[in-house]
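The values are calculated or read from the model by the stated rules, or taken from the named source; none is laboratory data. Note that this is a predicted model, so its numbers are computed, not measured. All Cβ positions, glycine included, derive from the backbone under ideal geometry; neighbour counts span all protein chains shown.
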Amino acid sequence: AKELPLSVDQIESHNAARVEALRDEYDSLGRALGRRGIDIDAVKARVAGFSVAVPSWGAGRGGTRFAKFPIAGEPTTIHEKLADCAVIHQLSTVTPRVSPHFPWDKVRDYAALREEAAALGLGFDAINSNTFQDQPGQKLSYRDGSLSAGDAGVRAQAVEHNVECIEIGRQLGASALTVWVGDGTNFPGQQDLAKSLDRYLEAAAQVYAALPDDWRMLLEHKMFEPAFYSTVISDWGSSILAAQELGPKAKCLVDLGHHAPNVNIEQIVARLHRFGKLGGFHFNDSKYGDDDLDSGSINPHQLFLVFNELIEAELNPRDGFDPAYMIDQSHNVTDPIESMISSAEAIAGAFAKASLVDREALAAAQQANDTMLAFLTLRKAYRTDVSPILAMARMEAGGAIDAVVAYRDSGWRARKAQERMAVGLGAGIV
Ligand code: LRH
Ligand code: MN
Ligand code: MN
């Protein structure tokens, strides 16, 4: 039986007070879209079928390398994190899966964890491995690299951890492993740039060999940080070359914050798709680097253009197009539940807007080299306020019309502040 975290009655009365205004806005938008030849109910149905996973690590407050400022009632165990993720999904209705990170989310009994999540209405998405930190009791250090380390013992340990993540993922019902390694250097000459990639490829092939048939291995590239001179899998070029060498189950994962400034990410999306290697996303936003800010808070237009390419990809599928969508954010100054509710809406909104693009008009304008008309075709979709569609889809799925307001009214965080152990005082593995 499902044990949803928030009172259904409370959400219903929240909606009852707002549904009349929503219907009015929805009908008005429906008429406007109808004049453009778009059926609003069809768009709503598409939105209802859209989902994005939330990261277990995003449920806790993030921080910087300078400081972290916890909030009262913040989750510290995977169990508490799952409960918060269930709140996000119950209100937003677009985040039915959680992407876990190991060993951060380590427990003794994964079958029980899967059941616990299912009871909350949640499943598990891609498993994230972690060979970028040392853990207490770990035999060898990742200080000088993991899958690409010069030391064969360290590489073997990193492979073993990834294989264990696959095993955990099987028990959780996941079917993808996301591998991001921070391996790289801080000084010219520190490592042989060619050989470190060779070592990575050889070790990654051992992880790949352990993948079940229906699994995918998602290679996540990142330009820099923690390494500040060179990184082994630094860009989409290194990523796609590695994925091509590993085999068909290896795909590339695009984290929106992991590129050089001003890089045309939507074009990267189109390129990766062209070669059947677009495997997944980590959604966030950034101003300077891997800032992990809330999706769509800095550059919502880029998010829209990324989804525009994703819809082009969906319409022109190649090699099992089925990208894993995940949020990857660090909530340093907000309540993570509020951030993820609002980010999930921004992501679903970008998807909805991109779905409104008149593809025929766009293709015709492109064919005629009518630059302005092509641009305005995109602009028209981008300018459309799709929030009544999102809210209606949410309400119909049992969520809240104004999800952040409903969350605040629920008193969830204040209740948890009474029940939960303060950050830093929690138990280890539970
Ligand atoms: C690396 C990264 C990667 C990690 C996560 C915590 O910057 O984006 O996805 O797993 O952050
Ligand atoms: Mn990421
Ligand atoms: Mn990152």
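Before we move on, is Asp9 exposed (fewer than 11 other Cβ atoms within 10 Å of the Cβ) and either farther than 17 Å from Ala393 by Cα or not basic (Lys, Arg) (or both)? Against the criterion (exposed (fewer than 11 other Cβ atoms within 10 Å of the Cβ) and either farther than 17 Å from Ala393 by Cα or not basic (Lys, Arg) (or both)), Asp9 qualifies. If you go through region 129-160 and keep only what is within 17 Å of Met217 (Cα to Cα) and either exposed (fewer than 13 other Cβ atoms within 10 Å of the Cβ) or in contact with a Pro (Cβ under 8 Å, 6 or more places away or on another chain) (or both), you end up with just Asn130. Count of region 230-245 residues, restricted to those that are over 19 Å from Asp291 (Cα atoms) and out of contact with any strand residue (DSSP E or B) (no Cβ under 7 Å at 6 or more places or on another chain), is 5. Filtering region 54-106 to residues that are more than 16 Å from the chain's Cα centre (by Cα), of a type in the set (Val, Ile, Thr) and at pLDDT 95 or above leaves Ile71, Thr76, Thr77, Ile78, Val87. When you check Ser239 against the structure, is it at pLDDT 95 or above, in contact with a Cys (Cβ under 6 Å, 6 or more places away or on another chain), within 13 Å of ligand 2 (Cβ to nearest atom) and on the phi < 0 side of the Ramachandran plot, yes or no? Here the answer is yes, as Ser239 does meet what is asked. Count of region 292-314 residues, restricted to those that are assigned to a helix (DSSP H, G or I) and in contact with an Asp or Glu (Cβ under 6 Å, 6 or more places away or on another chain), is 3.
Of the residues Gly289, Gly257, Gly280, which single one is under 30 Å from Arg61 (Cβ atoms), assigned to a strand (DSSP E or B) and within 16 Å of ligand 3 (Cβ to nearest atom)? Steps first, please.
Numbers: Gly289 fails: assigned to a strand (DSSP E or B); Gly257 fails: assigned to a strand (DSSP E or B).
Being under 30 Å from Arg61 (Cβ atoms), assigned to a strand (DSSP E or B) and within 16 Å of ligand 3 (Cβ to nearest atom) holds for just one of Gly289, Gly257, Gly280, which is Gly280.
Against the definition (closer than 30 Å to Lys277 by Cα, in contact with a strand residue (DSSP E or B) (Cβ under 8 Å, 6 or more places away or on another chain), modelled with pLDDT of 95 or more and more than 15 Å from ligand 1 (Cβ to nearest atom)), how does Gln191 come out, yes or no? Taking the combined requirement at face value, the residue satisfies it. Within region 364-379, the set of residues being in contact with a helix residue (DSSP H, G or I) (Cβ under 9 Å, 6 or more places away or on another chain) and either assigned to a helix (DSSP H, G or I) or crowded, with 19+ Cβ neighbours inside 10 Å (or both) comprises Ala364, Ala365, Gln366, Thr371, Met372, Leu373, Ala374, Phe375, Leu376, Thr377, Leu378. The set of residues from region 258-292 being within 16 Å of ligand 1 (Cβ to nearest atom), over 15 Å from Leu305 (Cα atoms), surrounded by 21 or more Cβ atoms within 10 Å (Cβ to Cβ) and free of Cβ contacts under 8 Å to residues at least 60 places away in the same chain comprises His258, His259. Only one of the numbered conditions (1) charged (D, E, K, R); (2) surrounded by 24 or more Cβ atoms within 10 Å (Cβ to Cβ); (3) more than 16 Å from ligand 2 (Cβ to nearest atom) is violated by Glu167, and that is (2). Applying the criterion of being out of contact with any Asp or Glu (no Cβ under 6 Å at 6 or more places or on another chain) and in a strand (DSSP E or B) to the residues of region 177-196, the residue that is farthest from ligand 3 (Cβ to nearest atom) is Thr185. Counting residues in region 215-224 that are farther than 26 Å from Ile311 by Cβ, within 14 Å of ligand 2 (Cβ to nearest atom) and over 17 Å from the mean Cα position of the chain (by Cα) gives one or more. If the condition is being in a helix (DSSP H, G or I), under 24 Å from Ala348 (Cα atoms) and among the hydroxyl-bearing types (Ser, Thr, Tyr), then region 75-124 contributes only Ser92.
Does Gln367 satisfy the condition of being farther than 18 Å from Thr95 by Cα, touching a Leu at 6+ places or on another chain (Cβ under 9 Å), among the polar types (S, T, N, Q) and more than 16 Å from ligand 2 (Cβ to nearest atom)? Walk me through how you get there before you give the answer.
Working: farther than 18 Å from Thr95 by Cα: yes; touching a Leu at 6+ places or on another chain (Cβ under 9 Å): no; among the polar types (S, T, N, Q): yes; more than 16 Å from ligand 2 (Cβ to nearest atom): yes.
No, not satisfied.
Tell me, please, whether a residue that is surrounded by 11 or more Cβ atoms within 10 Å (Cβ to Cβ), assigned to a loop (DSSP other than H, G, I, E, B), touching a strand residue (DSSP E or B) at 6+ places or on another chain (Cβ under 6 Å) and not polar (S, T, N, Q) can be found in region 48-59. Yes; the residues of region 48-59 include at least one that is surrounded by 11 or more Cβ atoms within 10 Å (Cβ to Cβ), assigned to a loop (DSSP other than H, G, I, E, B), touching a strand residue (DSSP E or B) at 6+ places or on another chain (Cβ under 6 Å) and not polar (S, T, N, Q).
Conditions tested, residue by residue: (1) more than 16 Å from ligand 1 (Cβ to nearest atom); (2) under 19 Å from Ile88 (Cα atoms).
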residue: Gly320; (1), (2): yes, no
residue: Ala324; (1), (2): no, yes
residue: Asp328; (1), (2): no, yes
residue: Pro336; (1), (2): no, yes
residue: Ser339; (1), (2): no, yes
residue: Gly349; (1), (2): yes, yes
residue: Val357; (1), (2): yes, no
residue: Ala361; (1), (2): yes, no
